[in-house]
1. So how far, in whole Å, is the C-alpha centre of region 312-379 from the one of region 220-236?
2. L271 to R417: FRET efficiency via 1/(1 + (r/R0)^6), r the Cβ-Cβ distance, R0 41 Å, to the nearest 0.05?
3. For the pair R32 and S135, what calculated FRET efficiency results from E = 1/(1 + (r/R0)^6), where r is the Cβ-Cβ distance and R0 = 35 Å, to the nearest 0.05?
4. Give the aspartates and glutamates whose C-alpha is closer than 15 Å to that of K256, dropping any in the same chain fewer than 8 places away, or say none.
5. Would you list the membrane-span-like helices of the chain, meaning whole DSSP H runs whose alpha-carbon atoms span at least 15 Å along their axis and whose mean Kyte-Doolittle value is at least 1.6?
6. In nanometres, what is the gap between the two model label sites at S13 and W163, each 7 Å from Cα along Cα-to-Cβ?
7. Using only DSSP helix segments of four residues or longer, with each worth -39500 (n - 2.57), what per-residue ellipticity at 222 nm results for the chain after dividing by its residue count and rounding to 500?
8. By counting other Cβ atoms within 10 Å of each Cβ, how are C274, C161 ranked from fewest to most?
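Since every read-out is calculated from the coordinates, none of them should be taken as a lab result. Fair warning: this is a prediction, and the values are worked out from it, not measured in the lab. Positions of Cβ are generated from backbone atoms using ideal geometry, with glycine treated the same way; all protein chains shown enter the neighbour counts.
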Amino acid sequence: MNKFFRAIKDIFSIKELRVRIGNTLLFLLLFRAGASIVLPGIDMAQVSGTVKGVLGLLDSFLGGSFSNASVFALGVTPYISASIVMQLLSIAWPKIQKIQREGEVGKRRIAQISRILTIFIAIFQSFQYLLAASSSGSVSIDRTFFIAVSIVILTAGTVFCMWLGEKITDKGIGNGVTMLIMVGIVSSFPGALYQEAVHRGSRGILLFVFELFFLFLIVLTVVAFTQATRRVPIQYAKQLSSSTIYGGQRQYIPFKLNSAGVMPIIFAQLLIVCFSFIFSIWSDKFAWAVNVSRMLQDITSWPFNLLFACLIIVFTFFYTAITVNPVQIAEDLKRANSFIPGVTSGNATARFFDDVLDRITLPGAIFLAMIAVLPAFAHMAGLSLPFSRFYGGTSLLIMVSSMLETLQQVESYLLMRRYEVIINTGSRVK
């Protein structure tokens, strides 16, 4: 416990880190304040405040903004969609690939294109959202005027959320977009915890404690899964320069067990939403389409979770293949005059990396699918739906990855502070 309080003291003793933490809290407070502002023209007495199915998962990311018709109802989801589109375009469009290879300038150009694409996606998504909201009977003004004005408001809200995310990344701690999503998820945890406690009642206190303990074990498992890596040893050849031999060190290239992160789950959810929308249109012509549409909207059904798990496994292989290029890694090692012990440079090294990725991607994809469907099984076991969503899925993965990234940044600042103290102490001794 003394070590914990000493770490807290060290964190707030660094001025830059203290300022960054304050900026992060301020930006997150602005985000949550905007999430409580309702769109003009919405009758809150007619708003149910709950959505079901895959849209319920989206609402949990936004801290209830989606179901409560907030000005931040879309949050950063259009920006995430734009980022996904840009990643897919980088595969099919050589011009995007060329921009990506331009270093820091290329990153800025890609970011600018993503921002512009975010606006168009936000306009489209806000139109679809407002059509559904206006048809539910919760609009108290003219429908056409409401949709026209609200499209501007929702798009501006998305742009503001995107700006907040970038400001957190630049002037705060952690990745801004994931921090915004994380605070939306965490904001719904106290309500879910209270609902589960009421659901169990006074007779189920022991069971409720067991559920919390099991949740703690799941979090530990997800942390270990997120941090797990396969280290490939790399040997640097010795070189002679000015009668001095340098090089010869052995280092490692870490390949994460889950190189794709949460993107396969997001891809699978988006595809299921598209399928559900298509079958809902066909439901007027085909009777079987009604059952398929209901199945795709029931996140606790066996067919939904089987399809969800299979899509996650497929997208994990797909996303890993487009983000990790064994040929490029092998070429970079060859240019750096390094090699894998026992493996020939060039094509043999690329094949070796490809085999390593195949061996670690399959168990990683299966484990990721298990984490994604775990909330459904928790709900089937008797847990309330809001509380069961924290037993896995995208919510838990985003929270764990965001917290780990934030802690790594804090540790880097503390390490820099220790180096500064050592250097200053050594200079005074001299």
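1. With region 312-379 and region 220-236 each reduced to a Cα centre, they are spaced 12 Å.
2. Details: r = 46 Å, r/R0 = 1.13.
After rounding, the FRET efficiency stands at 0.35.
3. Details: r = 28 Å, r/R0 = 0.81.
Step by step, r from the Cβ atoms, then E = 0.75.
4. Output for K256: D354, D355, D358, E405.
5. Values: long enough: 2-13 (16 Å, -0.08); 15-35 (30 Å, 0.70); 77-92 (23 Å, 1.33); 104-134 (44 Å, 0.71); 143-171 (40 Å, 1.03); 176-187 (16 Å, 2.24); 189-200 (16 Å, -0.30); 205-227 (33 Å, 2.56); 263-282 (29 Å, 2.21); 287-297 (16 Å, 0.41); 302-323 (31 Å, 1.81); 347-380 (49 Å, 0.99); 393-429 (54 Å, 0.40).
Correct list, ordered by number: 176-187, 205-227, 263-282, 302-323.
6. 3.8 nm
7. Calculated at 222 nm, the ellipticity per residue is -24500 deg cm²/dmol.
8. Working: C274 11, C161 29.
Going from least to most buried by this count: C274, C161.
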